[in-house]
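These notes concern the structure reproduced below.
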Amino acid sequence: MRLLIVDDSSIMRRIIEKNLKDYDIEIIGMAADGDEAVKLVKGEMPDVITLDITMPGMDGLACLDQIMAIHPAAKVMIITALSDKLTGLRALDKGARGFLYKPVNAKDLANAFDRLLKRNKPTIE
Amino acid sequence: MKTSKAEFDATCNLFINSVNNYFRHLTEIDSELNVPYLKESEGLLLKDYTGMIGISGNRKGFVYISSNREMYEDLIKIFIGIDEPSEEDILDMAGEISNVVAGNVRANLGANFMISVPLVFKGMPDQLKIPDDVTIYVIPINWNNHEAFVVIGLQ
């Protein structure tokens, strides 16, 4: 399983990386904004993508549209502080397979990835 | 600006709950809150490092969280195990806390409470201008023996 981590916070990117070490996952790249993420998706075609929404330049929802156009089979998990239900529903409608609200701890990530990798139906944590 | 007690309580409670949830969920150490109050815009409360979020949509203003380096160092140590984080890590941590605390109040205020990406800075930038038409709420907190301020400015 090849993973791309997209978040404008380097601390958050490293939290995700650290807490997924026990999974059979190869991290193929990290991106700090939507433009960088789209380039990496085009070049690497990752199986799984964690995607923040509030980022400089292209935000996560616009980025999700482009990812789905390039690589519709990608399993995208939104990880965001925007905790209103409407944002979650919009992301799922655009093709995200999972949605996780920050603050995110190790247990949250593990539960969400267990579900994401075992199921194809969209979920909101 | 005049603010009713009900509005003051409602606004403070939203952010208090968000801050409490952040620290409890990620560190299992509760934050202690001192009595919130209203403040004039002159002489902002800033500690060493600050993450500030702009608010737009149906409310306009800002939220920032400001604390000393040691609080961010402790959080980074807990989160990723780094003992000596870089200056960029400290600023990043300041921005991420502010982002999460502000973003989480959308659970109550909805998607029209729009937040910006964090503006992060050390000390008191010369060019930082706070609008004079906002009500400024100050929530002093203490987490793990570190003092911090959550400051909310809303029109």
### Task
Pull up the range B:1-36, narrow it to residues that are more than 20 Å from B:I76 (Cβ to Cβ) and among the hydroxyl-bearing types (S, T, Y), then point me to the one that is surrounded by the fewest Cβ atoms within 10 Å (Cβ to Cβ).
B:S4
### Task
State whether one or more residues within the range B:88-102 are outside any helix (DSSP H, G or I) and at pLDDT 95 or above.
no
### Query
Within the range A:70-101, how many residues turn out to be more than 9 Å from every other protein chain (Cβ to nearest Cβ) and either buried (at least 20 other Cβ atoms within 10 Å of the Cβ) or not in a helix (DSSP H, G or I) (or both)?
17
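Yes or no, residue by residue, for (1) within 11 Å of chain A (Cβ to nearest Cβ); (2) touching a Cys at 6+ places or on another chain (Cβ under 6 Å); (3) free of Cβ contacts under 8 Å to residues at least 40 places away in the same chain:
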| site | (1), (2), (3) |
| --- | --- |
| B:D48 | no, no, no |
| B:G51 | yes, no, no |
| B:I55 | no, no, no |
| B:V63 | no, no, no |
| B:Y72 | yes, no, yes |
| B:D83 | no, no, yes |
| B:D89 | yes, no, yes |
### Which numbered condition A:D59 misses (of (1) away from chain B (no Cβ under 11 Å); (2) within 13 Å of the chain's Cα centre (by Cα); (3) open to solvent by 10 Å² or more (accessible area, probe 1.4 Å))
(1)
### Any chance A:A112 is free of Cβ contacts under 8 Å to residues at least 60 places away in the same chain, of a type in the set (A, V, I, L, M), within 14 Å of chain B (Cβ to nearest Cβ) and within 27 Å of B:G110 (Cα to Cα)
no
### Query
With respect to the numbered conditions (1) under 11 Å from the mean Cα position of the chain (by Cα); (2) β-branched (V, I, T); (3) more than 9 Å from every other protein chain (Cβ to nearest Cβ), which one is the sole condition not fulfilled by B:V100?
(3)
### Query
If you go through the range A:16-39 one residue at a time, how many are under 18 Å from B:P85 (Cβ atoms) and either away from every other protein chain (no Cβ under 14 Å) or within 13 Å of the chain's Cα centre (by Cα) (or both)?
4
### Message
Please pick out the residue among A:I16, A:I67 that is without any contact (Cβ under 8 Å) to a residue 40 or more places away in the chain and either open to solvent by less than 10 Å² (accessible area, probe 1.4 Å) or in contact with a Phe, Trp or Tyr (Cβ under 7 Å, 6 or more places away or on another chain) (or both).
### Response
A:I67
### Message
Restricting to the range B:103-142, count the residues that are assigned to a strand (DSSP E or B) and within 13 Å of chain A (Cβ to nearest Cβ).
### Response
5
### Message
For B:E84, only one of the following conditions fails: (1) buried (at least 18 other Cβ atoms within 10 Å of the Cβ); (2) among the acidic types (D, E); (3) part of a loop (DSSP other than H, G, I, E, B). What is its number?
### Response
(1)
### Task
Please work out if A:I5 is under 12 Å from the mean Cα position of the chain (by Cα) and either part of a strand (DSSP E or B) or among the polar types (S, T, N, Q) (or both).
yes
### Message
Checking the conditions here, which among A:K107, A:K42 is farther than 30 Å from B:G110 by Cβ and either open to solvent by 10 Å² or more (accessible area, probe 1.4 Å) or assigned to a helix (DSSP H, G or I) (or both)?
### Response
A:K42
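The values are calculated or read from the model by the stated rules, or taken from the named source; none is laboratory data. Small disclaimer: the values here were computed from a predicted structure and weren't measured. Positions of Cβ are backbone-derived with ideal geometry, glycine not excepted, and every protein chain shown enters the neighbour counts. Note: areas computed on protein heavy atoms with side chains; ligands, DNA, RNA excluded. Shrake-Rupley method; radii C 1.70, N 1.55, O 1.52, S 1.80 Å.
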